[in-house]
Amino acid sequence: MRKNLKLSIFPISLICCLTIGIISNLFSSNKFITSIVILLISMAIFIAVYQLAPYIDSFSKKRVMYLICSGLFFMLIVQILILIFLPDTVYHDPYRVLSQADQMVKDDSWNNTYFWRYPNNVPLTYLLSLWLRLMHLINLTTNTELHILNFFFLDGFIVLMLVTLYQLNKRKSIVIGGFTFLVMSPFAYTYYLQIFYSDLPSMLVLLIIFRSLLLWNQKSKKQKIISGGILSLMILIGELIRPNLIVLLPAIAIVSIFLVLGKILKKSKLIIPIIIIIISFSLSFPITKIIYSASKYHKDSAYELPLTSWVMMGLNQKTNGTYSGSDISHEIKRTSLIVRQKYDKKRIMTRIKKLGPFGVLKQWIIKLGVLLNVGSIQSWYNGGFREAPNWYQKNATFFETLTSISYQIATIVLWLFVITFLWNWIPNLSKKKDPIILLVIITILGYLAFHTLIWETEERYGQIILPLILFLFGALSGHTPRPMIVKSRSLLMLITLAFLNLLSSANLISTLYPKPQVVVAQRSQLSTQYHAKRLLIKKGSVISEKLVFNYKANKFYIEIPASSNFKVELINTKSKHRYRLRPNGTAYDYQGKIIRGEYYIILKDKQNESQQIEVVQTRNYKLSPYSLMFNHHTMRYASLIYKGIYDPKR
């Protein structure tokens, strides 16, 4: 790497960033035992796998194919079982997108202010509505249609990534390593399986873009025409659903400068795909306008947030640069887009002055650590399982701890390999793959810089670099055979012991640090802050909904406007025992022991006039296992907003 100091700055920078990410994952829990467990198991697996690689490379192609196909089949079975027995209650942005898309199958009305505030999600919503309209022809529920879409993106991404790893490097250990991360970690069974949002499509788009660049020179003229069309389409879709794909343009500019200076731009044969990419980015602006028109959407500056809003939140010390509800609540009190922008600029300058040079640097490092932390993958936009089975609820803290720790370990091990490969890489742009590798590295740095230096950050945002990290894992691993220092049987034993230690440690940590768990929930909602419409009911009305507590609980609440007055009871269908819920701000709650069983939550109007109630309704999306009953009439696609919790510390 030292032979080309100008180019080496990029892999060295990425090594530093990934090192900060490793430190963040090691110490984010603030529990010493968790940090030690993650560190020891990560190092054990890294050393064992590094030494075991030559043994895996000796496998026959037939054996590797058998292992991968068997693993993918097992993965599919587990995914189906999870969707059947552990469905999520989706909330926040993904629900608002799917709710609007579901509505657009029937009509193109925009009935809340969320999309006026965040117009960047309009193209994603429109594209999702096209899929739902297509699936509507075969009369499926929106839930099933979304599951099919998630299967397509998730399993399609996994298979295509494995194919790409094989094309990048024929070493079986690299393919098996990628397979292990994608299929045997929580990646395939949590957020990306349960919730449809822009993250996974964006990752798949990135993978296809860099595959197109990688394989460009191997294609015939006819194949290049097809590949160019796919590349252009991917750029358009990627920019429409996640505008930060724009970081690819400065990355291309930097690589192009090095190619020009080295007088090898023509030799690299990347001029045509670069032109296609630039043209495609320019087309994204008129395409966005076309989508607005086709979906009958119009912007409203009275609600829209300026770009400076996210810059302001990124400088918020209290939230470590993540989304700040306080910042937004102060901002939306301003009457127009221009006034908000002026307010933001003033707050930005105030925060920079308060932080000072060292404070800003510290804020950047903290934000980078947040961005690269993966410990909360199971809770991203997940309001809890709707009604998880009893066997899961008994061990919920163990499963949650195991999910968090195992994904952190898998991520750390992957990053350690990539760091090792980056350190040993000597950039030579005259080689066929090196310009693409350099472009991948600079694109990763672009994403990290965007959310660290400029924008607000979230843990979930850092996952966008995953396909690029795996790309580097395959591209930089090399082909030089290494002798095994330790026998394969001993190494396999070490990995087995590490796995058993992971299970026992997760059990110990979950016992020492028990956490509240969601027993039953329906938290999907459009939110009153976006002017979601409440249901107006006439006096004397009765609303009920069946719930199943598969485990004991000690707190239950249901969202009801503070201005409304209801008699609210949770009634056990077997014992007929009644739990009376009391008003508590914008909810009615009960705090006390609730035994396992079937219940009805019943709301009776106590006023002599019409009242408002929080009821979520969709066109074809089933929000909860059981339908809402309104004055003895079934509302299949409607539900109350509720959550039952068991807190072992109470």
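The values are calculated or read from the model by the stated rules, or taken from the named source; none is laboratory data. Just so it is clear, the model here is predicted, and its values are computed rather than measured. Here the Cβ positions follow ideal geometry from the backbone for every residue, glycine too, while neighbour counts run over all protein chains shown. Remember, those area values only see protein heavy atoms, side chains included, never the ligands or the DNA or RNA. Shrake-Rupley method; radii C 1.70, N 1.55, O 1.52, S 1.80 Å.
Assorted remarks:
- In the context of the full set of protein chains, the stretch 289-362 has a per residue accessible area of 61 Å² (1.4 Å probe).
- Base-10 log of normalised Debye intensity for the stretch 517-646 (one unit scatterer per alpha-carbon) at q = 0.10, 0.16 Å⁻¹: -0.29, -0.77
- Selection of trypsin sites (Lys or Arg not before Pro), the stretch 56-158, meeting DSSP coil and at most 13 other Cβ within 10 Å: 106
- Probe 1.4 Å, protein heavy atoms only - accessible area per residue of the stretch 517-646 in square angstrom: 47 Å²
- Exceeding the 18 Å Cα-Cα cut-off - candidates 552/593; 539/604; 170/224; 333/533; 289/345: 170/224; 333/533; 289/345
- Shape summary: the chain maps onto an equivalent ellipsoid whose semi-axes, from the alpha-carbon gyration tensor, are 43, 31, 24 Å in decreasing order.
- Contact order normalised by residue count of the chain, Cα under 8 Å, 6+ apart, percent: 21 percent
- Angle between the chain longest axis and helix 488-512 axis [Cα atoms, degrees, rounded to 10]: 30 degrees
- Of the trypsin sites (Lys or Arg not before Pro) in the stretch 319-388, the ones in a loop by DSSP (not H, G, I, E or B) with at most 10 other beta carbons within 10 Å are 333.
- Within straight-line cross-link reach of residue 172, aspartates and glutamates at Cα separation under 19 Å, skipping those fewer than 8 residues along the same chain: 57
- Restricting the stretch 548-632 to GluC sites (Glu not before Pro) in coil, as DSSP defines it, with at most 16 other Cβ within 10 Å: 609
- Only DSSP H runs of four or more residues enter the estimate; each adds -39500 (n - 2.57), and after division by the residues of the chain the mean residue ellipticity at 222 nm equals -18500 deg cm²/dmol.
- Distance from the stretch 442-479 to the stretch 233-305 (C-alpha centre basis), Å: 18 Å
- In the stretch 517-646, the portion of solvent-accessible area held by carbon and sulfur atoms comes to 45 percent [1.4 Å probe, whole percent, DNA, RNA and ligands not counted].
- Only Lys, Arg, Asp and Glu carry charge here, each on its Cβ (+1 for the first two, -1 for the last two); on that basis the stretch 517-646 has a dipole of about 300 debye about its Cα centre.
- Placing pseudo-labels 7 Å out from each Cα toward the beta carbon at residue 428 and residue 219 gives an inter-label distance of 2.8 nm.
- Relative contact order (percent, whole number), the stretch 517-646, Cα cutoff 8 Å, 6+ residue spacing: 40 percent
- Straight-line cross-link partners of residue 574 among the aspartates and glutamates, defined as a Cα under 14 Å from its Cα and at least 8 positions apart when in the same chain: 598.
- Computed from Cα positions, the angle between helix 434-449 and the longest principal axis of the chain comes to roughly 30 degrees.
- Apportionment of accessible area to carbon and sulfur, the stretch 1-508, percent (1.4 Å): 69 percent
- In degrees, nearest ten, helix 32-57 long axis to first principal axis of the chain (Cα): 40 degrees
- Check: the chain dipole with +1 on Lys, Arg Cβ and -1 on Asp, Glu Cβ, in debye: 820 debye
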